[in-house]
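The values are calculated or read from the model by the stated rules, or taken from the named source; none is laboratory data. Fair warning: this is a prediction, and the values are worked out from it, not measured in the lab. Cβ atoms come from the backbone with ideal geometry, glycine included; neighbour counts cover every protein chain shown.
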Amino acid sequence: MFKKKVTFKILLLLIASDILETTVHFFFKKSTLGANHGQVTDLATAAVLWKAVFCSPFFWVGLAAVVSVFVLWSLILSKIDLSVAVPIASFSYILVPVVSIIFLHEQITVLRWLGVFFVLAGVILVSLSSKERMEQAK
């Protein structure tokens, strides 16, 4: 059991991880937007979509970001507990909709924002309960 405190350096790594994770989602979405595939209803249309996605530079940037997130996340988890890292690294739940609005011009409904709020509230409650449990164990 680590019981290490979250330092400013680890907090910066967690923020960088959230930004990279958001980047992954954004670039993978952009790679599919470039493929004028219509609806995927069979293997032939799926193959056309995959060919277009693999030819997209957005896909390869997204894949590089996945590898970067993996390396960064491994470093973070070597320093702090998973039950601490995940709640702190939940900022992407807000970043992804914001990036979707700004760069993809998506419409986010009030109901969806409410869902994001409840997910974040749950993450906060889980985080507080694990902090409380750690303090009781001392």
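Some observations on this one:
- Screening S17 against (1) closer than 21 Å to V126 by Cβ; (2) surrounded by fewer than 14 Cβ atoms within 10 Å (Cβ to Cβ); (3) not aromatic (F, W, Y) leaves a single unmet condition, (2).
- Qualifying residue in region 99-107 (condition: closer than 30 Å to K4 by Cα, at pLDDT 90 or above and of a type in the set (A, V, I, L, M, F, W, C)): no
- Being touching an Asp or Glu at 6+ places or on another chain (Cβ under 6 Å) and of a type in the set (S, T, N, Q) is a property that does not hold for S31.
- Single match in K51, K79, K29, K4 (criterion: of a type outside the set (F, W, Y), out of contact with any strand residue (DSSP E or B) (no Cβ under 8 Å at 6 or more places or on another chain) and under 21 Å from V119 (Cβ atoms)): K29
- Unique match (being free of Cβ contacts under 8 Å to residues at least 24 places away in the same chain and surrounded by fewer than 17 Cβ atoms within 10 Å (Cβ to Cβ)) among K4, K9: K9
- Residue in region 95-114 that is free of Cβ contacts under 8 Å to residues at least 60 places away in the same chain, of a type in the set (D, E, K, R) and either in contact with a helix residue (DSSP H, G or I) (Cβ under 9 Å, 6 or more places away or on another chain) or part of a helix (DSSP H, G or I) (or both) present: yes
Each row is one residue, and each column tells you yes or no for (1) at pLDDT 85 or above; (2) assigned to a loop (DSSP other than H, G, I, E, B); (3) under 16 Å from L77 (Cβ atoms).
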site: L12; (1), (2), (3): yes, no, yes
site: I15; (1), (2), (3): yes, no, yes
site: D18; (1), (2), (3): yes, no, yes
site: E21; (1), (2), (3): yes, no, yes
site: H25; (1), (2), (3): yes, no, no
site: K30; (1), (2), (3): yes, no, no
site: G38; (1), (2), (3): no, yes, no
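This table checks each residue for (1) at positive phi; (2) surrounded by 12 or more Cβ atoms within 10 Å (Cβ to Cβ); (3) of a type in the set (G, A, S); (4) touching a strand residue (DSSP E or B) at 6+ places or on another chain (Cβ under 9 Å).
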position: T45; (1), (2), (3), (4): no, yes, no, no
position: F91; (1), (2), (3), (4): no, yes, no, no
position: H105; (1), (2), (3), (4): yes, no, no, no
position: L125; (1), (2), (3), (4): no, no, no, no
